[in-house]
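J.: One structure is given below, represented as structure tokens, and several questions about it will come after.
The values are calculated or read from the model by the stated rules, or taken from the named source; none is laboratory data. The structure presented is a predicted model; accordingly, all values stated were derived computationally and were not measured. Quick reminder, even Gly has a Cβ in these numbers, built from the backbone with ideal geometry, and neighbours come from all protein chains shown.
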Amino acid sequence: MHSKNLRGSLMCLLAAAIWGAAFVAQSVGMDYVGPFTFNFSRMLLGSAVLVPVILWRDSRSPSYRKAHGLPELGSRRTLVLGGVCCGVMLFIGSTLQQIGIQYTSAGKAGFITALYVVLVPIAGLAFGRRPRWWVWLGVVLSAAGLWLLCMNGPMGLNPGDGLVMLCAVGFTFHILVVDHFSPLVDGVKLSCIQFFTCGMLNLIPMLLTEQVSLTALMGAAAPILYAGILSCGVAYTLQVVAQKDTDPTLASLILCLESVFAVIFGALLLKESLTTRELLGCGLMFAAILLAQRPDDD
């Protein structure tokens, strides 16, 4: 694997770990505020923390930027269009996820969200993408692992699970839109605009359907800070930057490890336990990731 591809894969893995812990933060945050308030707060926070980074990067001279590998400024029109499109897809996915997580466990929400690992290569066929056979085998293994993780117990899927499953569709198109725009513009600026767009889209339903109080926001401060600074500001930016050098199907397979990390952090922070069935599902997903790392020239 080339160094750039390896770097992209490692960045996706770090993003997956941050997102896995974020499911715990999202679940705890819902004890204090509604889903639109939570997403409005964390998305605007995620956008705000990137502004100093953008200002510093833009202040560098062209020679400094070239020497340190910083991206060119690029087309402003393409940047804004890409940021808005990514923000709309992020709003759809994150809203369905945040509402659904009220009615299902944090770990299970993480598992079901990762269904985009199956949907991304299928959607990619419409754009002429032809994954190699071992990637499809990885998709099958991931699907089997997700089945073992999600469909555990006689109740099966509940309404919350269904909403989170729909959120996986939103995140599928988010990955594909990011894949289209990330090579064309500055990834950090793209992230900043998408968070701001998503936050603003949450504002109207927040004002119409939820009661916001300072006491509730203070109670949810820690989850919002984690979800805003790390899950949004850091992890989504890692995804955007990493997808410059990573195939979207491979990226989706690595990013779906957030479901495994959700189990791990759920066990550590919420005292949830792993069953033998869930451990087997995690093992299948790890196998799928390793298989997807196979070089194309083999």
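J.: In the stretch 197-205, is there at least one residue being exposed (fewer than 14 other Cβ atoms within 10 Å of the Cβ), at pLDDT below 95, in a helix (DSSP H, G or I) and not basic (Lys, Arg)?
T.: yes
J.: Are there any pairs with C-beta distances below 8 angstrom linking a residue in the stretch 184-204 that is touching a residue at least 24 places away in the same chain (Cβ under 8 Å) to a residue that is of a type in the set (Asp, Glu), with the two at least 6 apart or on different chains, and if so which?
T.: Asp186/Glu72
J.: Go over the candidates Arg77, Arg65 one by one and state the one that is assigned to a helix (DSSP H, G or I), over 28 Å from Pro205 (Cβ atoms), modelled with pLDDT under 75 and not small (Gly, Ala, Ser). Talk me through it step by step, then tell me what you get.
T.: Details: Arg77 fails: modelled with pLDDT under 75.
Of Arg77, Arg65, the one residue that is assigned to a helix (DSSP H, G or I), over 28 Å from Pro205 (Cβ atoms), modelled with pLDDT under 75 and not small (Gly, Ala, Ser) is Arg65.
J.: Do the conditions hold for Lys244, that is, is it more than 22 Å from Met89 (Cα to Cα), among the basic types (Lys, Arg) and at pLDDT below 75?
T.: In short, no.
J.: Tell me which residues, restricted to the stretch 23-40, are touching a Leu at 6+ places or on another chain (Cβ under 7 Å) and either buried (at least 24 other Cβ atoms within 10 Å of the Cβ) or closer than 23 Å to Cys86 by Cα (or both).
T.: Narrowing the stretch 23-40 to residues touching a Leu at 6+ places or on another chain (Cβ under 7 Å): 24, 33, 40.
Phe40 - this is the single residue of the stretch 23-40 that is touching a Leu at 6+ places or on another chain (Cβ under 7 Å) and either buried (at least 24 other Cβ atoms within 10 Å of the Cβ) or closer than 23 Å to Cys86 by Cα (or both).
J.: Being surrounded by 21 or more Cβ atoms within 10 Å (Cβ to Cβ), more than 12 Å from Cys256 (Cβ to Cβ) and at pLDDT 85 or above is the filter here, so list the residues in the stretch 5-17 that pass it.
T.: Met11
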